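S.K.: One structure, as structure tokens, below. Some questions next.
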Amino acid sequence: MTTPVSLSNVADAFLNLLELTDAKKFGAGGSLVESLLSAFTTGANGPGSAGATSATTAPATPPRFDASDLYGASGRPREADIKQDNLSDCGVVSTLGAVGERTPDRIKNAISYDASTGTFEVKLYKNEWDWDTMGYKQVTIKVTQQDILDNLTRGGGSTVDNNPGTDRPIWPAVMETALAKMKDSNWSDGLAEGYGAIQWTWPKETMRAVTGTQGDVLEPMQMFDTKTQAELLYMQVSGAMNDKRPVTLTTKTETPDFWADVVGKPTQDGLVDRHVYMVDRIYKNSSGEVMVELRNPWGNNMVGEGNDTMNATVTVKLETLLETGGFQQFNVGPR
């Protein structure tokens, strides 16, 4: 009585024969066997055919944030999407707001979304020179769903954490997270190091990270009187804004001269000290005085210096900033 031959025995014998033949022909690599096995696992017609298994699978749970959540109703980044809460990174979020408002394509081109992984990718520039491109080294930072949730929990620079039930516009959280990750040496243990590194930084650092250049830094010109300084700064900043360039203004603690109070000059400028504002407009009023319209990333200007307002925007006289010593610099980014 003969022993029945099972299909599995036939298959094993067939594969053994192929392995011996393949090894002689191709060496130890077993390429023919691998090809056959690949056909079984990826489908007869290869990747993409019916029944094929993709190398990268979509997230098991639908992601909370995707490409449709990046921007608001306008479909582009706006400065109003910024709301600084718990992090002391006004230099970061004000620069992001200024760039988003004046040169929105820089933000839109920097962020992409991978639907297969639910991950955002952000192109930034490190503070390292690349001799091949003759510019700062460009890197791509992956921002996961968990990274974004962590940013919202920290009270980052978007409006999403201030408006429960909303998921957009999420681009400020994506950008802020990417900047923190670029500064963090070990992503696996949280981003405390990275978030610490982006706080209390100059606007030019974020401008360089986002655009590849730190832009122009315009500071007081002490050899001139304050009226002349205001005029010179007005010419430079108004020209830049007419050219659609993003601009921020940085303040410092006022240091008025000894006689300021005696002769009736202002000793306070009405702005937050050591803070960075987005510049919305610079113009001359009917008296010929240079005025600067600023947007506070806090979303209000409750300072306690006599110019308080719950509005995000506030207008100040540039010469007053110069007289009190509260003006630090303008940072003007590229187009």
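S.K.: Report yes if residue 309 is out of contact with any helix residue (DSSP H, G or I) (no Cβ under 6 Å at 6 or more places or on another chain), in the same structural domain as residue 224 (by TED's automatic domain parsing) and under 23 Å from residue 216 (Cα atoms), otherwise no.
M.R.: The answer is no for residue 309.
S.K.: Something else now. Checking residue 202 against (1) at pLDDT 95 or above; (2) surrounded by fewer than 18 Cβ atoms within 10 Å (Cβ to Cβ), which test does it fail?
M.R.: Residue 202 satisfies all of (1) at pLDDT 95 or above; (2) surrounded by fewer than 18 Cβ atoms within 10 Å (Cβ to Cβ) except (2).
S.K.: Can you pull out every residue in region 87-120 that is among the polar types (S, T, N, Q) and closer than 22 Å to residue 279 by Cα?
M.R.: Correct list: 88, 94, 95, 103.
S.K.: Mind checking which residues of region 284-326 are more than 26 Å from the chain's Cα centre (by Cα) and crowded, with 20+ Cβ neighbours inside 10 Å?
M.R.: 290, 316, 318, 319, 320, 321, 322, 323, 324, 326
S.K.: Further question on the same structure: Those residues that are modelled with pLDDT under 95, in contact with a strand residue (DSSP E or B) (Cβ under 9 Å, 6 or more places away or on another chain) and loosely packed, with under 15 Cβ neighbours inside 10 Å, I need them from region 130-154; list them, please.
M.R.: Within region 130-154, 130, 135 meet the criteria.
S.K.: When residue 296 is evaluated against the numbered criteria (1) in contact with a helix residue (DSSP H, G or I) (Cβ under 6 Å, 6 or more places away or on another chain); (2) closer than 17 Å to residue 278 by Cβ; (3) of a type outside the set (A, V, I, L, M, F, W, C), which criterion, by number, is the only one it fails?
M.R.: Just one mismatch for residue 296, condition (1).
S.K.: Please determine, by comparing only the residues of region 210-248 that are among the small types (Gly, Ala, Ser) and not in a helix (DSSP H, G or I), which one is surrounded by the most Cβ atoms within 10 Å (Cβ to Cβ).
M.R.: Across region 210-248, the extreme among qualifying residues is 215.
S.K.: Out of 314, 272, which single residue is in a loop (DSSP other than H, G, I, E, B), modelled with pLDDT of 95 or more, of a type in the set (A, V, I, L, M) and assigned by TED's automatic domain parsing to the domain that holds residue 239?
M.R.: Testing whether each residue is in a loop (DSSP other than H, G, I, E, B), modelled with pLDDT of 95 or more, of a type in the set (A, V, I, L, M) and assigned by TED's automatic domain parsing to the domain that holds residue 239 leaves just 272.
S.K.: Let me ask you something else. List pairs: first residue in region 138-165 and touching a residue at least 40 places away in the same chain (Cβ under 8 Å) and more than 19 Å from residue 111 (Cα to Cα), second residue surrounded by 15 or more Cβ atoms within 10 Å (Cβ to Cβ) and not charged (D, E, K, R) anywhere in the structure, Cβ distance under 7 angstrom, at least six positions apart or on different chains.
M.R.: Once the first residue is touching a residue at least 40 places away in the same chain (Cβ under 8 Å) and more than 19 Å from residue 111 (Cα to Cα) and sits in region 138-165, its partners that are surrounded by 15 or more Cβ atoms within 10 Å (Cβ to Cβ) and not charged (D, E, K, R) give 154/87; 154/195; 155/87; 161/152.
S.K.: Please name all residue pairs, on different chains or six or more residues apart, with Cβ atoms under 6 Å, provided the first residue is in region 282-301 and is under 30 Å from residue 176 (Cβ atoms) and the second residue is of a type in the set (Gly, Ala, Ser).
M.R.: Partner pairs satisfying both residue conditions: 282/238; 295/312; 296/312; 297/94; 299/312.
S.K.: Among the residues that make up region 100-109, is at least one of them in contact (Cβ under 8 Å) with a residue 12 or more places away in the chain and in contact with a strand residue (DSSP E or B) (Cβ under 6 Å, 6 or more places away or on another chain)?
M.R.: Among the residues of region 100-109, not one is in contact (Cβ under 8 Å) with a residue 12 or more places away in the chain and in contact with a strand residue (DSSP E or B) (Cβ under 6 Å, 6 or more places away or on another chain), which makes the answer no.
The values are calculated or read from the model by the stated rules, or taken from the named source; none is laboratory data. Keep in mind that this is a model prediction, so the values were computed, not measured. Here Cβ is always computed from backbone atoms with ideal geometry, including for glycine, and neighbour counts include all displayed protein chains.
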